[in-house]
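Down below is the structure, laid out as structure tokens.
The values are calculated or read from the model by the stated rules, or taken from the named source; none is laboratory data. Worth saying up front: this structure is predicted, and the values here are computed from it rather than measured. So basically every Cβ, Gly included, is an ideal-geometry build from the backbone, and we count neighbours across all protein chains shown.
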């Protein structure tokens, strides 16, 4: 039984929970998203709302008069005649609440990053509640109601950066209730108190809160009740952050990883992995290897040190984030052996069965299965990880620990600077919003079929080079052409536009293989039956957007940061809504692999093929991977919609046709050059 332990809301994370580094650009992007919500509320500002705001302002002031709380006039009448004090009060009103909040945030990030998440989340909740109030109950400040007789000292003084200057003249001015000036100052004071800052700092902050309350009333920008009511969103924000970050066992599952747990709740199993077929050698040393005992020893020494292989997922409640918690690992359950019949087709059938079957949730979500074919003696290995543990690249990195000699994948591209990332993500969000949807292909079924294809890696690279495209373009073109030939009815159903999600790696060089560090970019493949060389040229043109970072960075921001800001039920809804047949028909990924020839427990590999999960109501998932000198395709499909065996067979024929065209073109070129030389003689 897992016990839940309490703790102070703003206490540091316990040792060993794997506190992640704060990525500053993501925090900036989250702040911009919060400001975007404010702008949306500001965009509601119409004449009817302004009239309502004036009515609400008069009502609020009358209510204060009824309670004898209307001290605003006394303060404003005292301040207005004092020019120097008015100017100082104006600038205190315009800047100190922002500067104090910003200073606290920077201090926490630099000095106490372990406190950042609860502090940030309490600030976000405070502002969202205030924005909701602005939208539902607009209130005009005293200075906008001439009949009340207040002096607008800020405008009169021409205060730079406030209502007195054109810089913010278009800002929302009917947002008096509650006062975020007081709210931000109070938030700073509360956070300082909860993180046990020095007493002198806390006293200074408390004085700032009282001074801000005085200033917002004396400058005729707020009523007394505006500063009183804001206490409620501050308290709620701190309480919500306390609830979210209450010290529960383990470590919170990142939103980009929990995304696939939410998707799987629709019934579509979400695990990635590989299908390794071993060379059926007959010598006594390697025959029958790897053995079950050897696999379990490899798992014990190579897989169990990484923490995710020793952790299961636990949901404290429907409203709380999933967490990784340590648990016992029984290798007898995770590493198993079975015998099948039917030769290579029988092995692939077992892959399809495992691809359709969710991994158990009461233990770490990974599995290794050695499958022996009773007829041929051939052995194959299924290596499966839940998508919440790792993406495709991470799975390859983990799997390489099982092979010898030890090898690694090359690092990805260096990460761009924070400013470039923020600008690119902003552009990408606009692009994603206009990418559209996909035409549904029907409900399909719950079954899975799996087919593989082996190609010579050097030949595939030469084929791509001869036709002036990249390897990914070639994979996409061959797949699209094969589907249009084998399934013309699907081309009709999708109106000759097959939309696929192409994952792109955004993992920083040297980063750990845990979790998901990819982003998906949508690409439309023509299924109009055009000649394959023309199709490749068109796909090469369309895949240019895969080489610009905007969409990928925006997708990554949504997954890693945007979902983090949503309540867990909303994150679940989002995952189940956007991931699947409504927006794309399949997933296509060209994965890097190791260069040298590898063995596992002394057994050489004959073929290695990726296993990718189908998204809900999306009928195909294709992984293609270079491994040694081979290029292996692993195609998973919904057999109610597509025929995997016929598609990969057609891909093989199309690749042969392309090679013949390239050979003919090369032969014609040789003949032309020979003729030219003969003429010159």
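Quick look at the values:
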quantity: Test result for residue 303, assigned by TED's automatic domain parsing to the domain that holds residue 259, under 19 Å from residue 365 (Cα atoms) and either at pLDDT 95 or above or in contact with a strand residue (DSSP E or B) (Cβ under 9 Å, 6 or more places away or on another chain) (or both); calculated: yes
quantity: Where residue 413 falls short, out of the listed (1) in a loop (DSSP other than H, G, I, E, B); (2) at pLDDT 75 or above; calculated: (2)
quantity: Check on residue 309, at pLDDT 90 or above, within 22 Å of residue 331 (Cα to Cα) and touching a helix residue (DSSP H, G or I) at 6+ places or on another chain (Cβ under 6 Å); calculated: yes
quantity: Counted residues, segment 423-458 - those being over 16 Å from residue 644 (Cβ atoms) and either modelled with pLDDT of 80 or more or part of a strand (DSSP E or B) (or both); calculated: 10
quantity: Candidates 563, 553, 523 - the one that is assigned to a strand (DSSP E or B) and assigned by TED's automatic domain parsing to the domain that holds residue 453; calculated: 523
quantity: Residue satisfying condition, being closer than 30 Å to residue 102 by Cβ and modelled with pLDDT of 90 or more, within set 75, 44; calculated: 75
quantity: Residue within segment 534-556 that is farther than 24 Å from residue 624 by Cα and either buried (at least 23 other Cβ atoms within 10 Å of the Cβ) or at pLDDT below 90 (or both) present; calculated: yes
quantity: Helices (runs of 4 or more DSSP H) fully within segment 189-297 counting 1 or more residues that are farther than 30 Å from residue 58 by Cβ; calculated: 199-218, 231-244, 255-264
quantity: Wholly enclosed strands (runs of 3 or more DSSP E) of segment 313-409 bearing at least 2 residues under 30 Å from the mean Cα position of the chain (by Cα), without any contact (Cβ under 8 Å) to a residue 12 or more places away in the chain and within 26 Å of residue 251 (Cα to Cα); calculated: none
quantity: Conditions (1) over 30 Å from residue 123 (Cα atoms); (2) surrounded by 18 or more Cβ atoms within 10 Å (Cβ to Cβ); number of the one not met by residue 60; calculated: (1)
quantity: Exclusive hit being crowded, with 21+ Cβ neighbours inside 10 Å and at pLDDT below 95, set 506, 500, 475; calculated: 506
quantity: Residue that is loosely packed, with under 15 Cβ neighbours inside 10 Å and either assigned by TED's automatic domain parsing to the domain that holds residue 127 or out of contact with any strand residue (DSSP E or B) (no Cβ under 8 Å at 6 or more places or on another chain) (or both), where the choices are 330, 226; calculated: 330
quantity: Looking only at segment 575-609, and only at residues there that are in a helix (DSSP H, G or I) and in contact (Cβ under 8 Å) with a residue 60 or more places away in the chain, the one that is surrounded by the fewest Cβ atoms within 10 Å (Cβ to Cβ); calculated: 576
quantity: Residues of segment 88-110 that turn out to be over 42 Å from the mean Cα position of the chain (by Cα) and crowded, with 16+ Cβ neighbours inside 10 Å, as a count; calculated: 2
quantity: Scope segment 24-40; condition farther than 25 Å from residue 190 by Cα and at pLDDT below 80; matching residues; calculated: 25
quantity: Sole exception among (1) touching a residue at least 60 places away in the same chain (Cβ under 8 Å); (2) surrounded by 21 or more Cβ atoms within 10 Å (Cβ to Cβ); (3) over 21 Å from the mean Cα position of the chain (by Cα) for residue 213, by number; calculated: (1)
quantity: Yes/no for residue 129 being part of a helix (DSSP H, G or I), modelled with pLDDT of 90 or more and surrounded by fewer than 16 Cβ atoms within 10 Å (Cβ to Cβ); calculated: no
